Amino acid sequence: MSIEQNEITKIAELARIRIAGEEIGQVTERIAEILQMVDQLQAVDTTNVEPMANPLDATQQLRPDVVTEKNRREAFQAIAPAVENGLYLVPKVIE
Amino acid sequence: MYTKSVAQLIEGLRGREFSSAELTRGYLDRIAALDSQYNSFISVDENAAMAAATAADERLASGDAAALTGIPIAHKDIFCTDGMRTSCGSRMLDNFVPPYDATVIQRFKTAGAVMLGKTNMDEFAMGSSNESSFYGPAYNPWDTKLVPGGSSGGSAAAVAGLLAPAATGTDTGGSIRQPAAFCGITGLKPTYGRVSRLGMVAFASSLDQAGPMAHSAEDCALLLNAMAGHDPLDSTSSNTATEDYCATLNNSLEGLRIGLPAEYFGEGLDSTTGECISGALRELEAQGATLVNVSLPHSALTIPTYYIIAPAEASTNLSRFDGVRYGYRCDDPVDLHDLYTRTRGQGFGDEVKRRILVGTYALSAGYYDAYYKKAQQVRRLIKQDFMDCFEQVDIIAGPTTPGPAFAVGAKTNDPVSMYLEDVYTLAVNLAGLPGMSVPAGFVDNKPVGLQLIGRHFDESRLLNVAHRFQQATDWHLRTPDAIARGVA
Amino acid sequence: MQWEPVIGLEVHLQLATQSKIFSGSPTTFGAEPNTQASAVDLAMPGMLPVLNEQAVSFAVQFGLGIGAEIGKRSIFDRKNYFYPDLPKGYQISQFEAPIVGKGSFEILMEDGSSRKIGITRAHLEEDAGKSLHEDFHGQSGIDLNRAGTPLLEIVSEPEIRNAAEAVAYLKALHSLVTYLGISDGNMAEGSMRCDVNISLRRVGTEELGTRAEIKNVNSFRFVEKAIRHEIERQADILDDGGRVVQETRLYDADRDETRPMRSKEVANDYRYFPEPDLLPVVIDDAYIEAIRSQLPELPADKRLRFTEQYGLNKYDANVLSDSRALADYFEAVVADCGDAKIAANWVQVELLGQLNRDERSIEQCPVSAADLGALISRILDKSISGKIAKQVFEAMWQGEGSADDIIAAKGLQQVSDSGALEVIVDEVLGANAAQVQQYLDADEAKRKKLVGFFVGQVMKLSKGQANPQMVNELLAKKLV
């Protein structure tokens, strides 16, 4: 499957990654090579093969409903880029 | 002192031949003097290391020592360390000092180990050469014009360069085994779920696994004893019972059946590397093992399968790096969209961005079935190949890599050729199996690694085979010429 | 109207767990910002989710409560999108394999009629944090205390046809989940939040029209208003020959209108895929049966039992089973006084009346069921009349003590002593000689009317405490 620049632009927007205009061509080329390589899979017959998400086919263990965490706001917010009154600050959110 | 194994250092510390403070000071001095050549460390905190060493000496003196008390160890900079920068090789986390320890770090603290520092790595563990690090490449101590492999390249270089007796690494597609092979050391990727992933910055959740990197199999066993075990805070961590991985190191190899997959010895394998592997296999045969020809028919599909699953998982694992709660944030964002796109555009390097884009594409509407679901199905076929082999044999053996370490810069502009470096290691992660790389010879003074692959949770057997092999060979005891001559 | 509304509701129900769905942080409402956000909730690097067993149990309880198929192997997925209140950049939810499959439950209309509404599915997911828009120098503040609170998203079939049915659906759902004790159902605190999907189609046709989704409708009243408005808005568009745009709209309670959500303008591609940090949740029959055996009696069963066991009419049974607390209160009163009809009357008229006036819930009722039962017993044993009882109840509400204490303290005991009553009767007859004569001259039919006058006078003189039956007997004896 080949991929066009406008598709890369769309994917980059989904992934929230800015790619400079002059780089988009090269990025597209590289990704096209990777996609060409992975396209080998399309030829494999996987009828009736169950997808495998976990290599051990293990199942989930459950946690007891107990509060184990303490308030560590100070430690966490000491490493935050912008906080005020205990809140993380971001450019205005529009709903 | 710096060529001693961890096992020997433990004896030395207990026999009061030297103190942990002396040992730690010695390694710190070597790092200060020599690491400009290898660039194997991203962060070193001498004061913290010396304080830990002094505390270890007190424990040793009071007779209250744990298994690794006083042993200096380097940690890959992917494990979160309370109060010490954890960069993951990325600009995104260049300023990130976590207020918590990874479970692996916590376990090494409990076992008494002293942290020397945090080692260089490919950015977010994405790479096979350590060249994608924000902190520049690490260099191979056997020849600093060569890459040390990746992504745990800093750990491998530090151990090979005798800047640390042992180190931790992580392996998503070969990131412990390939650098171990390139640097002439021993590395073990345990079974998926054997070691906790908590506090280890995630690359691909269903493939990532932490493991030890050291000179010998015995040292790897000592480290694995400290690392392995169920973690209730990691849902994917296994509660299969752990073993004393040192207990069976000396078991006889008589009757051991070793499978040799045809696909691992065909076209693409460097011939001299192949000869080294054949030599190693003859040694195992001499010790009573039987060699059995087997086949892993879906081997050709491991690279495409891996390069869908790993980027897909990575693309969303890395969504949390958004400049809001920690890490890099772009200057003066004009709005929320600008904050996200510029923070991530500037904070991530090229290879990471490439993989995020590939993964996003593979998961996006209209492509999910063709890519992600298909890859998950082929993944099951790949695992089934191994399960079928293990009906006939006890372990599988082959080369770790198609050839020895390549030159710095040789593949940086060709991602796909870089991906091919992992052709023999990826399947092990897809199938969740334990795998090792063991030094098995040299090609033009460049180390070659023998890969051993075991059944799920059969780390003991791999370590046993590797240890017996190392009892009869000295590849793992060789050190780079410059170091041996005392130049480095 | 030529348009028939087709309405489906998606309810996000906060489950009443102590800790979050994937971390050990507390879920208490109203804490200082970000004091209940752990490393997991903040999506710190390397942090991993572990599933809360109580959340699973609550989801299964709900599934059994609506007679649904329980997902024996349910899977968590990542729903990927960027938003500042979503720290991981994905929400852990369930997509293809939810924990609760198709089911249904009964809703009750105002007129006492009932009908079943189908539930498409219900799945577990984590709540997001909150963006606060007060001005922080032109920026928004993010509070992640709510991030990771367990939610059960309950999706109805598009079987609801008007605003009243939607409200009835939500009330029945509220009743069900509070009966089960899986949520506090507190809409004001956001424990139960509703998204409404509405489309219109020409009456008599089957084909569905284009739908709009309305978010942020968080009270019964707003649901009703938002639906009426949206139906009107869409009907206006269609009447004018226009087309409804598929979009997400926000209900603005202050302006009482819906408007398009700007953040949802770009079609999202959520890239769902199985969450690799969590494994399939496998539930066996033994687990399901253990939960089933612990289920409380549910509203529909209780309604039926109230009509059969206590002989209540359907309306009374509906009112009294509205909440588990009220039903329990009623049954405790019956147990104490032994008369279900009087108990039903007192609980519905006096008790609910007072609670309404004071804007209190049954849980905040100052009169215990045992005390009300004791008061009714005094009516039944004729210690006091019904009228006096209301006076006693008022005093009990004010916290003046038990029924017996108040009756004794205020001397409200009914006078049944024939000697004492005779004195009063004689006094009344003596003071009203003219009326006595009138009575004696009247025929049988008129006498019945006139005797009421004497009874009234006796009651007045006795401050309501005279035993009316005995007064009647004495008057009959004396007026000859």
Can you work out which of the residues in region B:161-178 that are more than 14 Å from chain C (Cβ to nearest Cβ) and part of a strand (DSSP E or B) is farthest from the chain's Cα centre (by Cα)? B:ALA166
Which number in (1) under 21 Å from B:PRO304 (Cα atoms); (2) more than 11 Å from every other protein chain (Cβ to nearest Cβ); (3) charged (D, E, K, R); (4) part of a helix (DSSP H, G or I) marks the one condition that B:ASP388 misses? (1)
List every residue pair whose Cβ atoms sit under 8 Å apart, with the two residues 6 or more apart in sequence or on different chains, where the first one lies in region B:161-183 and is within 25 Å of B:GLY70 (Cβ to Cβ) and the second, anywhere, is surrounded by fewer than 24 Cβ atoms within 10 Å (Cβ to Cβ) and among the hydroxyl-bearing types (Ser, Thr, Tyr). B:LEU162/B:TYR2; B:LEU162/B:THR3; B:LEU162/B:THR479; B:PRO165/B:TYR2; B:PRO165/B:SER5
Are any residues in region C:375-409 farther than 30 Å from C:LYS477 by Cβ and either hydrophobic (A, V, I, L, M, F, W, C) or not assigned by TED's automatic domain parsing to the domain that holds C:GLU350 (or both), and if so, which ones? C:LEU375, C:ILE376, C:VAL392, C:PHE393, C:ALA395, C:MET396, C:TRP397, C:ALA403, C:ILE406, C:ALA408, C:ALA409
Unique match (being modelled with pLDDT of 90 or more and either under 19 Å from C:LYS171 (Cβ atoms) or outside any strand (DSSP E or B) (or both)) among C:ALA188, C:ALA235: C:ALA235
Of all residues being among the aromatic types (Phe, Trp, Tyr) and touching a residue at least 24 places away in the same chain (Cβ under 8 Å) in region B:285-344, which is surrounded by the fewest Cβ atoms within 10 Å (Cβ to Cβ)? Just the residue, please. B:TYR328
Scan region B:368-384 for residues that are crowded, with 20+ Cβ neighbours inside 10 Å and more than 8 Å from chain A (Cβ to nearest Cβ) and report the count. 2
Working carefully through the options B:ARG344, B:ARG325, find the one that is modelled with pLDDT of 95 or more, facing another protein chain (nearest Cβ under 7 Å) and not in a helix (DSSP H, G or I). B:ARG325
Residues C:PHE136, C:PHE62, C:PHE29: which one is within 27 Å of the chain's Cα centre (by Cα) and at pLDDT below 95? C:PHE29
Inspect region C:95-116 for any residue being surrounded by 21 or more Cβ atoms within 10 Å (Cβ to Cβ), assigned by TED's automatic domain parsing to the domain that holds C:ALA164, free of Cβ contacts under 8 Å to residues at least 40 places away in the same chain and under 23 Å from A:PRO81 (Cβ atoms) and give the result as yes or no. no
State yes or no: is C:ILE227 crowded, with 16+ Cβ neighbours inside 10 Å, modelled with pLDDT of 90 or more, within 30 Å of B:ASP335 (Cα to Cα) and β-branched (Val, Ile, Thr)? no
In region B:422-455, the residues that are in a loop (DSSP other than H, G, I, E, B) and either basic (Lys, Arg) or crowded, with 24+ Cβ neighbours inside 10 Å (or both): B:ASP422, B:TYR424, B:THR425, B:GLY432, B:LEU433, B:PRO434, B:GLY454, B:ARG455
Would you be able to say whether some residue in region B:441-453 is touching a strand residue (DSSP E or B) at 6+ places or on another chain (Cβ under 9 Å) and farther than 30 Å from B:LYS145 by Cα? yes
Go through the residues of region A:19-36 one by one and say whether even a single one is small (Gly, Ala, Ser) and either on the phi > 0 side of the Ramachandran plot or within 21 Å of the chain's Cα centre (by Cα) (or both). yes
Output the residues belonging to region B:115-138 that are touching a strand residue (DSSP E or B) at 6+ places or on another chain (Cβ under 7 Å) and not small (Gly, Ala, Ser). B:MET115, B:LEU116, B:LYS118, B:THR119, B:ASN120, B:MET121, B:TYR135
Residue that is under 51 Å from the mean Cα position of the chain (by Cα) and either among the hydroxyl-bearing types (Ser, Thr, Tyr) or on the phi > 0 side of the Ramachandran plot (or both), where the choices are C:GLY456, C:GLY452, C:GLY464: C:GLY464
When residues of region C:5-24 are limited to those that are facing chain A (nearest Cβ under 9 Å) and surrounded by 24 or more Cβ atoms within 10 Å (Cβ to Cβ), the one farthest from C:VAL50 (Cα to Cα): C:SER19
Output for region C:341-389, where each listed residue is outside any helix (DSSP H, G or I) and not acidic (Asp, Glu): C:ARG360, C:SER361, C:CYS365, C:PRO366, C:VAL367, C:SER368, C:LYS382, C:SER383, C:ILE384, C:SER385
Condition first: at the interface with chain A (Cβ under 8 Å from one of its Cβ atoms) and either over 27 Å from the mean Cα position of the chain (by Cα) or in a loop (DSSP other than H, G, I, E, B) (or both). Now tell me which residues in region B:347-361 satisfy that. B:PHE348, B:TYR361
Can you say whether C:GLU206 is closer than 30 Å to C:TRP3 by Cα and either hydroxyl-bearing (Ser, Thr, Tyr) or at pLDDT 95 or above (or both), as far as the supplied structure shows? no
Only listed residue being more than 7 Å from every other protein chain (Cβ to nearest Cβ), touching a residue at least 24 places away in the same chain (Cβ under 8 Å), hydrophobic (A, V, I, L, M, F, W, C) and over 30 Å from C:ASP135 (Cβ atoms), chosen from A:ILE3, A:ILE24: A:ILE3
Restricting attention to region C:37-59, and to residues there that are over 20 Å from B:ASP101 (Cα atoms) and in contact (Cβ under 8 Å) with a residue 12 or more places away in the chain, which single residue is farthest from the chain's Cα centre (by Cα)? C:LEU51
Mind checking whether some residue in region C:134-148 is more than 21 Å from C:ASN197 (Cβ to Cβ), among the aromatic types (Phe, Trp, Tyr) and surrounded by fewer than 20 Cβ atoms within 10 Å (Cβ to Cβ)? yes
Quick check on this structure: which one of B:ALA407, B:ALA365 is under 22 Å from the mean Cα position of the chain (by Cα) and among the hydrophobic types (A, V, I, L, M, F, W, C)? B:ALA407
Close pairs from region B:209-220: first within 13 Å of B:PHE79 (Cα to Cα), partner in a loop (DSSP other than H, G, I, E, B), Cβ under 6 Å, at least 6 apart: B:GLN209/B:PRO190; B:GLN209/B:TYR192; B:GLY211/B:ILE176; B:GLY211/B:PRO190
I need the full set of residues from region A:46-72 which are more than 10 Å from chain B (Cβ to nearest Cβ) and buried (at least 19 other Cβ atoms within 10 Å of the Cβ), in order please. A:ASP65
Counting only strands (runs of 3 or more DSSP E) wholly inside region C:40-159, the ones holding at least 1 residues that are within 12 Å of another protein chain (Cβ to nearest Cβ) are C:77-80, C:90-93, C:114-126, C:130-136, C:139-143, C:150-156
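The values are calculated or read from the model by the stated rules, or taken from the named source; none is laboratory data. Values in this document were obtained by computation on a predicted structure and should not be read as measured data. We place every Cβ from the backbone using ideal geometry, glycine too, and count neighbours over all the protein chains shown.
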